[in-house]
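Report on one structure; see the data block that follows.
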Amino acid sequence: MRPDAHAPGCCHGPIFVIPALDEEANLPRVLAELEARDALWSPGGLVVVVDDGSTDATADIADTWPGPLPVRALRLGRNLGPGVAFRRGFRDALAIAGPDALIVTLEADSTSDLDALEVMLAHAADGADVVLASVHGGGRLLNTSWTRRLLSAGASHATRRALGLDARTVSSFFRVYRAAALRHAFHVHGDSLILEPGFACKAEILMKLDRLGARVAEVPVSLDSARRIGASKMPLLRTAAAYGRLYRRSRDREGVAP
């Protein structure tokens, strides 16, 4: 970690926010592959691994990363869910992000295709406030169970229809955000920007940014589950129920800016 990595406005390169739960088998590959693409993070970038109550060495791997990639762990202490991890990670990143910084979110299980990141960052540089890695807009879900594919496609379709989002992929962690757009969203919503603690948080964030006028772009990206060591952490039934809850809140405007 760089010695000035906590200073306000110190980070003018991308800040990577990576929620992680028991990912000691996958996280080293994510960090190594990102480190090998130094044009994506150097100079002035930082990786914040938000450890969501792991019982393995995930946080220690982040805090002791030996390479030139600046990495640190933000430890939540207990498992609170990806929604809480993103909220804490965004707050931490925004505290040190420069005025033109970008914030990149990745899966910690190594399924994010980093080869797509250069194009995603270019879209952000061209003015997009949020850039989505889209598996339903030209990309594909590879080596994934039919239940996961069904939930992903169904959530994407239902969320677009129910929440009025013009986006094909609403659930992937792999995104690029303009720090200024996130700052504005937190200014409007406070911590209620992310009410969903689970995986539906990504649709919630996108919905609220969209309603604040954020410019959204999508880049076709394939997600290959075969790259992951171990099982997905996403509970299918609980996540489906959360999308229903999010839809009900959107209907009565709960948690949405007036």
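Among L46, L69, which is the only one that is closer than 27 Å to E204 by Cα and at pLDDT 95 or above? Reasoning before the result, please.
On the way: L69 fails: closer than 27 Å to E204 by Cα.
Just a single option satisfies the conditions, and that option is L46.
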For residues that are touching a helix residue (DSSP H, G or I) at 6+ places or on another chain (Cβ under 8 Å) and free of Cβ contacts under 8 Å to residues at least 60 places away in the same chain, tally how many sit in the stretch 66-84.
-> 7
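Residue by residue, here is whether (1) at pLDDT below 95; (2) not aliphatic (A, V, I, L, M) holds:
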position: A73; (1), (2): no, no
position: G98; (1), (2): yes, yes
position: L102; (1), (2): no, no
position: D113; (1), (2): yes, yes
position: A116; (1), (2): yes, no
position: A128; (1), (2): no, no
position: A133; (1), (2): yes, no
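What do you reckon, is A162 buried (at least 17 other Cβ atoms within 10 Å of the Cβ) and modelled with pLDDT under 95? Please lay out each step first, then the result.
Details: buried (at least 17 other Cβ atoms within 10 Å of the Cβ): yes; modelled with pLDDT under 95: yes.
When the stated conditions are applied, A162 passes them.
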Do any residues in the stretch 205-224 that are among the small types (G, A, S) have Cβ atoms under 6 Å from those of residues that are in a helix (DSSP H, G or I), where the two are at least six apart or on different chains, and which pairs are they?
-> A214/A181; A217/H123
Is it the case that some residue within the stretch 181-204 is at pLDDT 95 or above, among the basic types (K, R) and either touching a Cys at 6+ places or on another chain (Cβ under 9 Å) or not in a helix (DSSP H, G or I) (or both)?
-> no
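Which members of the stretch 205-225 meet the condition of being of a type in the set (S, T, N, Q) and not in a helix (DSSP H, G or I)?
S222
Per-residue answers, yes or no, for (1) touching a Gly at 6+ places or on another chain (Cβ under 8 Å); (2) surrounded by 20 or more Cβ atoms within 10 Å (Cβ to Cβ); (3) among the charged types (D, E, K, R):
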{"residue": "R75", "(1), (2), (3)": "no, no, yes"}
{"residue": "R78", "(1), (2), (3)": "yes, no, yes"}
{"residue": "P82", "(1), (2), (3)": "yes, yes, no"}
{"residue": "R88", "(1), (2), (3)": "no, yes, yes"}
{"residue": "D92", "(1), (2), (3)": "no, no, yes"}
{"residue": "A97", "(1), (2), (3)": "yes, yes, no"}
{"residue": "S112", "(1), (2), (3)": "no, yes, no"}
{"residue": "V135", "(1), (2), (3)": "no, yes, no"}
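The values are calculated or read from the model by the stated rules, or taken from the named source; none is laboratory data. Keep in mind it's a predicted model, so treat the numbers as computed, not measured. Because the Cβ atoms are built from the backbone with ideal geometry, glycine has one as well, and the counts that use them run over all protein chains shown.
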